[in-house]
1. Which number in (1) more than 16 Å from the chain's Cα centre (by Cα); (2) of a type in the set (D, E, K, R); (3) more than 23 Å from T7 (Cα to Cα) marks the one condition that E74 misses?
2. Considering (1) surrounded by 15 or more Cβ atoms within 10 Å (Cβ to Cβ); (2) modelled with pLDDT of 95 or more, say which one L22 fails and leave the rest.
3. Quick check on this structure: which one of R38, R12 is basic (K, R), under 18 Å from the mean Cα position of the chain (by Cα), in a helix (DSSP H, G or I) and more than 23 Å from G104 (Cβ to Cβ)?
4. Please go through (1) of a type in the set (A, V, I, L, M); (2) in contact (Cβ under 8 Å) with a residue 24 or more places away in the chain; (3) farther than 24 Å from L20 by Cβ for V92 and return the number of the only condition it doesn't satisfy.
5. Any idea how many residues of segment 108-154 are under 21 Å from L26 (Cβ atoms) and not basic (K, R)?
6. Tell me which residues, restricted to segment 103-159, are of a type outside the set (A, V, I, L, M), in a helix (DSSP H, G or I) and free of Cβ contacts under 8 Å to residues at least 24 places away in the same chain.
7. For V55, which of the numbered conditions (1) surrounded by 16 or more Cβ atoms within 10 Å (Cβ to Cβ); (2) over 19 Å from N9 (Cα atoms) fails to hold?
Amino acid sequence: MQAERATQNDIRELTELRILYLTEDLGEISKTDAIAIREALPAYFQAHLNKDLFVYTVRDHGLIAACAFLLVIEKPMSPRFLHGKTGMVLNVYTRPEYRRRGYGRAVMEKMLSEAMEMQLCSIELKATEDGYPLYKAVGFADDIPEYHLMKWKNPEQQK
């Protein structure tokens with residue numbers, strides 16, 4: 001089983017995998033939202049793939065069986081991130097028929113190997129209960145924040 005980076009040729013399949021992931025994570029997605037996502041994501045991938053968004057995949061007979069997205073963020077340097085680059089893991093997804101076979105671990109290990117090469121100072125993720133053991137096994141640790149996690153939401157974007 002070989003993990004590799006996705007390419008521009010994978011954009012259509014990555015779009016569908018993102019929708020499958022969102023449906024499992026959030027529950028049923030409205031037709032309107034699914035259409036909007038399907039229409040907008042290819043342009044996003046076209047602009048960002050292998051620039052600041054890296055998608056790691058494992059295939060079975062050409063089909064992407066598992067994927068993980070790494071969004072690289074460059075910030076002003078500080079003692080906590082001397083190179084200024086950090087990462088955020090998004091969309092770790094394995095098709096149901098491929099689960100519990102090591103596909104998720106393979107994409108995560110490839111991602112972490114390349115993160116070292118990119119000199120990322122840290123990588124963050126939000127773990128579901130199902131994903132938590134995998135992330136612990138590949139080296140992630142619980143982060144006890146010193147700050148309050150806060151979020152602003154655009155009132156015009158809220159449903």
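1. For E74, the exception is condition (3).
2. Of the numbered conditions (1) surrounded by 15 or more Cβ atoms within 10 Å (Cβ to Cβ); (2) modelled with pLDDT of 95 or more, the odd one out for L22 is (2).
3. Values: R12 fails: more than 23 Å from G104 (Cβ to Cβ).
Answer to the check: R38.
4. (3)
5. Going through segment 108-154 one residue at a time, the tally reaches 13.
6. First, pick out the residues of segment 103-159 that are of a type outside the set (A, V, I, L, M): 103-105, 109-110, 113-114, 117, 119, 121-122, 124, 126, 128-133, 135-136, 139-140, 142-143, 145-148, 151-159.
Now narrow it down to the ones that are in a helix (DSSP H, G or I): 103-105, 109-110, 113-114, 117, 132-133, 135-136, 155-157.
Residues satisfying the conditions are S113, E117, Y132, P133, K136, P155, E156, Q157.
7. The number of the failed condition is (2).
Each row is one residue, and each column tells you yes or no for (1) within 30 Å of R59 (Cβ to Cβ); (2) surrounded by fewer than 16 Cβ atoms within 10 Å (Cβ to Cβ).
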position: E117; (1), (2): yes, yes
position: L120; (1), (2): yes, no
position: L149; (1), (2): no, yes
position: Q157; (1), (2): no, yes
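The values are calculated or read from the model by the stated rules, or taken from the named source; none is laboratory data. Quantities reported herein were computed from a predicted structural model and do not represent experimental measurements. Positions of Cβ are generated from backbone atoms using ideal geometry, with glycine treated the same way; all protein chains shown enter the neighbour counts.
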